[in-house]
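The values are calculated or read from the model by the stated rules, or taken from the named source; none is laboratory data. Since the model is a prediction, treat every value here as computed from it, not as a measurement. Here Cβ is always computed from backbone atoms with ideal geometry, including for glycine, and neighbour counts include all displayed protein chains.
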Amino acid sequence: MLCPDGRATVTPDLYPGSVTLEERARRLTRGAAAPAAAVPDAMSIAELYEQVDRAVRSAFPDDVWITGEVRSMNVLRNGHCFLDLVDPTQGDDPGAPKLNTKCWAGTWRGVKASLDKLGIGLEVGMVVRARGKVELYKARGSVDFILRELDTEALMGRVAADRARLVQALVDEDLYDRQRRLRPPVVPLRVGLVASQGTEGYYDFLGQLEASGLAFVVIHVQSAVQGTDAPEQLAIAVRALQAVHVDVIAVVRGGGAKADLAAFDHESVARAVAASDVPVWTGIGHTNDVSVVDEVAQRACITPTECGRELANLALSSWQRIEDAGLRLARLAAHGADREAVALAGRRRALATGSRAQLDRQDYRLATVRVSLGRSATAVAVAARTGLAARSDRVVAGAVQAIDLAALRAAQHRRLLGAYDVNRQLERGWSVTRLPDGSVLRSVSGLDPGAVLVTQLADGTLTSEVTVTAATLNPERSTETGAP
């Protein structure tokens, strides 16, 4: 039978003729120095495991149901599935006893098919209720559990409960319908795509965009769409596309088993989609069930093809609205232009008629003014000639008088200038002494011996050299001297 710690032991009362393992150990210890033949009750390893095997089969003759948490899971290439189960209450304890669980390939195919049909993926951390056979694996000396059946109803209840808790948490946090409160994309030509590249769903989605003939720009972020790594990759991809300023994010995956779509019920993916500031559309290839991601997305399409088609239709309808508005504007502009042309033609005719009438009036006024000006001009010319003759007489008399006065004044200036003429002074016996630079010598101060002087007389000049200088007592005496 199994001890609480998962180890196998033999219950002595099942075999009255045998002794306990502890008693055997004491006997072996007491007789350790004696030869092996001296211990007739020593058991071989094979005998020991034979008794343990009988004890296990006796304690668990039939299949039993167990409840355990999946600690690890490994599906081999040959189809066998190996699990490590621990007590659910000790799931976080690394030292918790593990139960080696085996599910042979034939059995695992049936179990896996049942899980897929219900849309359940067996993952680490799940608590399962399983039926199977307890056996002793002699090659390793371990007690194994040979799994024959999983309680899928219990799993379904747990999955449904987990999903209900997640949905309620999103509702409580005001995230459940947050996407639907965002403004839908108007012309979604810049599309962020979360998909597994090269898959059928990937090409179905892109094919619809290409067929529209519009210039879509698709920014693709690669992500697994099933398996243990899918939730994390999907959530990271959705968050990454928000930073590149796309109009809409499309999360697509082709059809598959329900279990293959479990990633789209994962909390991290649902929260990434619900919290996105960019509208998220889904095209997940299943029709019977709706994932949590579908519920929180702004729009959920049943396939990648439909998602691509709806985006293309939205862009085309927006473009059609723009074209229709342009045509309406063109028609309104043409109608307005025609209306204004008619009005302009009427105003042009009215302006022409008014202009002719105005010109006629102005011509009459000009003719009247011309006659009046002709008469006035004659009178003005006569008066001007009379006044001009009188002014001419006055101007002539004044000019003669001014000329006489100017002549008198000029004669006076000539006499005055003659009195001060240097040549006349020289003729009277005066002289002018100059320095070599041509300036008039006015004082002996500052004049050094050896200086050359030029003296101008009435009939010529003479050059002299200063030998001695002496100031006179008469400061008023000019350097302009008479003849000696």
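Structural remarks
- Glu323 meets the conditions (1) within 60 Å of the chain's Cα centre (by Cα); (2) among the acidic types (Asp, Glu); (3) under 30 Å from Ala458 (Cβ atoms) in every case but one. The failed one is (3).
- For Phe82, the criteria (1) among the aromatic types (Phe, Trp, Tyr); (2) part of a strand (DSSP E or B); (3) buried (at least 17 other Cβ atoms within 10 Å of the Cβ) hold in every case but one, which is (3).
- Residue check for Gly255: free of Cβ contacts under 8 Å to residues at least 40 places away in the same chain and assigned to a loop (DSSP other than H, G, I, E, B): no
- Contacts under 8 angstrom Cβ, first residue in the range 303-326 being at negative phi and part of a helix (DSSP H, G or I), partner buried (at least 16 other Cβ atoms within 10 Å of the Cβ) and at pLDDT below 80, 6 or more apart: Pro304/Gly285
- Qualifying residue in the range 77-89 (condition: assigned by TED's automatic domain parsing to the domain that holds Gly141, modelled with pLDDT under 85 and not aliphatic (A, V, I, L, M)): yes
- Restricting the range 90-107 to residues that are at pLDDT 80 or above and in a helix (DSSP H, G or I), the residue that is surrounded by the fewest Cβ atoms within 10 Å (Cβ to Cβ) is Gly106.
- All positions within the range 406-456 that are among the aliphatic types (A, V, I, L, M) and more than 20 Å from Val466 (Cβ to Cβ): Ala406, Ala407, Leu408, Ala410, Ala411, Leu416, Leu417, Ala419, Val422, Leu426
- Taking the range 161-244 and the helices (runs of 4 or more DSSP H) fully enclosed by it, the elements with 2 or more residues that are surrounded by 14 or more Cβ atoms within 10 Å (Cβ to Cβ) and among the charged types (D, E, K, R) are at 200-211, 230-241.
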